[in-house]
Amino acid sequence: MHYLLIYDVAPDYLERRATFRDEHLGLAWQAHERGELILGGALAEPVNGAVLFFQGDSPAVVERFVAADPYVKNGLVTRWQIRPWLTVVGEQADSPVRPHA
């Protein structure tokens, strides 16, 4: 199953993230190496959030990431949500759906 982790960030996120960035990125790359985090990054123009794309058997893998994320623990993330993502198009889609010929 695929999941999107959607972060809203504090207005001073860009000014404060340097202190926690290496720890956050280390956590993210470890999740990627385990095959849990597929892609992740900040939204741009304006930088007011981030989206991380996970795969796993349940949202627990995403919940563990959130619980350990220094951005969340230190208030850089003001709100977060985990959304199941029903992927239907692409090589990695969980439930591929092709048009009827």
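In whole percent, what relative contact order does segment 58-101 give with Cα contacts below 8 Å and a gap of six or more residues? Taking the mean separation of contacting Cα pairs over the length of segment 58-101, I get 21 percent.
Note: segment 2-85, Cα convex hull, 80 Å³ per residue.
Extending 7 Å from the Cα toward the beta-carbon at both residue 81 and residue 15 defines two label points whose distance is 2.8 nm.
No value in this document is a laboratory result; all are computed from the given coordinates. Worth saying up front: this structure is predicted, and the values here are computed from it rather than measured. All Cβ positions, even for glycine, are placed from backbone atoms using ideal geometry, and neighbour counts span all protein chains on display.
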